[in-house]
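Reviewing the structure listed below.
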Amino acid sequence: MKKPSGLGRGLGAIIESSDYKTPQPQQTAINEIPVSEIETNPWQPRTDFDQEELERLATSIRAMGIIQPLTLRKLDDHRYQIIAGERRLRASKLAGLDKVPAYVRETDDDKMLELALVENIQRADLNPIEEALSYQRLIDECNLTQEDMGGRVGKSRSTITNSLRLLKLPPEIQQALRERKLSMGHARAIMGIDDADIQMTLYQQTIDFGYSVRRIEELVRQYKEEKDPQSDDQTKPAKQAKKRLAPVYEEIKTQFCSFFNKSDIKLDRADTGKGKITIPFASDEELKKIMETLLLDNKNE
């Protein structure tokens, strides 16, 4: 791959190949920089810093010091800006350090965003949405193609493409990925369906019932088969196929049946999203049991 032009010595020193390599002292001397003179990077792609992890890192720094120096750029005689290492800086402040070891790079504003984004992606410490947003910013603000990014961060084009697709998921699912409540495997399975309502249903079922990735993949496969009947289904009238309840909603009906210990509960849903749930009962006594089940569940919440 042809080496992109105009990268400057800064990026070349930080990213020497597709694998991350720590800058060596002979390339740039390690400096002891006062913490009070270091500013955060306005282009920092990471937005979530876990306080417990910072406390653990601070404990390690108190005992062992900072093993990996920060990477900074010099603004003037007494001001520096972070290129990489904001997490280490925050932990150093918690540890009570006055100075931190750092490499000082020469770079201008035009390269700061690219340096910060690439450096953070290389360290593989971003949550999936932060990583996807970093790729998007490299495309939008640094005019990089997916092929260019692959060479910088050591990722395949398909990996980058799948990462960018996460940004099309509903906000609730993206937030769950940020908070690592949902795995990338689950997210990739959910992305197999384009319908945002169905995506949210699958997500909620995953959270509520602890569905595995394989279970979600199976529901997605069934849903696609229901939407696009093949082979044996081709002999059935299209109207009849349309009336069949999608697998994700069949699963909800199954949960209702299990909850009330009844097998005859019905769930109907129109394409508009409107629908109804019917819980039949054969006697006042059975109705009373249904009401007791609902009231008992409410008391347990």
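I need the full set of residues from segment 87-113 which are open to solvent by less than 30 Å² (accessible area, probe 1.4 Å), out of contact with any strand residue (DSSP E or B) (no Cβ under 6 Å at 6 or more places or on another chain) and at pLDDT below 85, in order please. Met112, Leu113 - these are the residues of segment 87-113 that are open to solvent by less than 30 Å² (accessible area, probe 1.4 Å), out of contact with any strand residue (DSSP E or B) (no Cβ under 6 Å at 6 or more places or on another chain) and at pLDDT below 85. Can Ile83 be described as among the hydrophobic types (A, V, I, L, M, F, W, C), assigned to a loop (DSSP other than H, G, I, E, B) and surrounded by 19 or more Cβ atoms within 10 Å (Cβ to Cβ)? Criteria not met by Ile83. Summed over segment 176-217, the residues that are in contact (Cβ under 8 Å) with a residue 24 or more places away in the chain and either aliphatic (A, V, I, L, M) or not in a loop (DSSP other than H, G, I, E, B) (or both) give a count of 28.
Residues that are among the small types (Gly, Ala, Ser) and part of a helix (DSSP H, G or I) were ranked within segment 136-154; the one that is most open to solvent (accessible area, probe 1.4 Å) is Gly151. You will find that of Ala116, Ala124, the residue that is at pLDDT below 90, at positive phi and either open to solvent by less than 30 Å² (accessible area, probe 1.4 Å) or of a type in the set (A, V, I, L, M) (or both) is Ala124 and no other.
State whether the residues of segment 39-49 include one that is farther than 18 Å from Glu114 by Cα and modelled with pLDDT under 90. Yes, the conditions are met somewhere in segment 39-49. The single condition among (1) at pLDDT 75 or above; (2) in a helix (DSSP H, G or I); (3) farther than 30 Å from Leu166 by Cβ; (4) of a type in the set (Asp, Glu) that Asp264 does not satisfy is (2). Looking across segment 173-195, the residues that are within 22 Å of Thr272 (Cβ to Cβ) and exposed (fewer than 14 other Cβ atoms within 10 Å of the Cβ) come down to Asp194, Asp195. Can you say whether Ile252 is open to solvent by less than 70 Å² (accessible area, probe 1.4 Å), at pLDDT 85 or above and closer than 23 Å to Glu172 by Cβ, as far as the supplied structure shows? No.
Residues in segment 242-286 that are within 37 Å of the chain's Cα centre (by Cα) and of a type in the set (Lys, Arg): Lys242, Lys243, Arg244, Lys253, Lys266, Arg269, Lys274, Lys276. Open to solvent by 40 Å² or more (accessible area, probe 1.4 Å) and closer than 22 Å to Asp50 by Cβ: is that true of Leu133 in this structure? So Leu133 passes the test.
The values are calculated or read from the model by the stated rules, or taken from the named source; none is laboratory data. All of these numbers come straight from a predicted model, not from anything done at the bench. We place every Cβ from the backbone using ideal geometry, glycine too, and count neighbours over all the protein chains shown. What goes into the accessible areas is simple: the full protein's heavy atoms, side chains included, and nothing from ligands, DNA or RNA. Shrake-Rupley method; radii C 1.70, N 1.55, O 1.52, S 1.80 Å.
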